[in-house]
1. Looking at 77, 22, which one is at pLDDT below 95, out of contact with any helix residue (DSSP H, G or I) (no Cβ under 8 Å at 6 or more places or on another chain), over 25 Å from residue 209 (Cβ atoms) and part of a loop (DSSP other than H, G, I, E, B)?
2. Quick check on the range 299-309: of everything there that is surrounded by fewer than 20 Cβ atoms within 10 Å (Cβ to Cβ) and not in a strand (DSSP E or B), which residue is nearest to the chain's Cα centre (by Cα)?
3. Which residues, taken from the range 266-298, are outside any strand (DSSP E or B) and surrounded by fewer than 15 Cβ atoms within 10 Å (Cβ to Cβ)?
4. Please enumerate the residues belonging to the range 88-100 that are touching a strand residue (DSSP E or B) at 6+ places or on another chain (Cβ under 6 Å) and either surrounded by fewer than 16 Cβ atoms within 10 Å (Cβ to Cβ) or in contact (Cβ under 8 Å) with a residue 24 or more places away in the chain (or both).
5. What are the residues in the range 33-67 that are surrounded by fewer than 21 Cβ atoms within 10 Å (Cβ to Cβ), within 16 Å of residue 102 (Cβ to Cβ), in contact with a helix residue (DSSP H, G or I) (Cβ under 8 Å, 6 or more places away or on another chain) and at pLDDT 95 or above, if any?
6. For the range 130-240, which helices (runs of 4 or more DSSP H) that fit wholly inside it have 2 or more residues that are touching a strand residue (DSSP E or B) at 6+ places or on another chain (Cβ under 8 Å) and under 21 Å from residue 292 (Cβ atoms)?
7. Given (1) touching a strand residue (DSSP E or B) at 6+ places or on another chain (Cβ under 7 Å); (2) modelled with pLDDT of 95 or more; (3) not in a strand (DSSP E or B), identify the lone condition not met by residue 259.
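The values are calculated or read from the model by the stated rules, or taken from the named source; none is laboratory data. Small disclaimer: the values here were computed from a predicted structure and weren't measured. Here the Cβ positions follow ideal geometry from the backbone for every residue, glycine too, while neighbour counts run over all protein chains shown.
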């Protein structure tokens, strides 16, 4: 007989304790976030790529990293490369590490970036006991899920996602315009790549990706944490080709100097031009160039993984006692 929901929840709480948190936890932070540094290791001295990397695909888990032109000569097959996710305090303690395999380089004008696929992953912000317990309950959750079209994420990719979201990731709203219609939807797989280049990933099975690919012009707006409910409400728009603007639960504003509107509560707004779209697996990866940018002060909606959220809470508790 299947475990009842009540028994399942009680068992989770007893076994997982304070680590029994959602995979995605919400926090508000100023940009750029100052908690976690992301280091690229394997090409000479470790380098800070916190503002020079983006998730390019979730399955297989792939990163895009901004590079120097000379780096491409060093990216030989079998090169031992990794991203490390480190606290900025506590002497730069490493909280997670993803070992990488170089896939390909992309060069645009005087800019170069590389795609790197994950081959191994280690999470140090949660104990082995709790990590294995979470894996057990995640396996049980998939077994209890009887939906016919459920998506199964490989174990390595799921672990990489947990480590990647040790670094707080902004949740933004993407706006595209198509005549008197358009779309507005959330996204959290994105990153600055340096030299005014951006990378972002959209699910290849949903309609937002071909829409952005066709239009090639968009605004990306960071938003206050207090608007998170509106952001989640807009998630359904990933499945729609376009919407009528009057359907939106929030107002748009035309910002001076930008061709495409943005939510009226936006904190930072970047207007982007798509340069290239690469189908990589579960997601399409977009390379884009920033055309214009407008910023107002304020905390922004970010997401972190529950494993890091539990670690973060422990550290805050210790610092107040």
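1. Values: 22 fails: out of contact with any helix residue (DSSP H, G or I) (no Cβ under 8 Å at 6 or more places or on another chain).
77 is the lone residue from the list that is at pLDDT below 95, out of contact with any helix residue (DSSP H, G or I) (no Cβ under 8 Å at 6 or more places or on another chain), over 25 Å from residue 209 (Cβ atoms) and part of a loop (DSSP other than H, G, I, E, B).
2. 306
3. Listed by number, the residues that qualify are 296, 297.
4. The initial filter retains those residues of the range 88-100 that are touching a strand residue (DSSP E or B) at 6+ places or on another chain (Cβ under 6 Å), namely 88, 92-100.
Result: 88, 92, 93, 94, 95, 96, 97, 98, 100.
5. Across the range 33-67, the qualifying residue is only 60.
6. Fully inside the range 130-240 and qualifying: 208-215.
7. Going through (1) touching a strand residue (DSSP E or B) at 6+ places or on another chain (Cβ under 7 Å); (2) modelled with pLDDT of 95 or more; (3) not in a strand (DSSP E or B) one by one, residue 259 breaks only (2).
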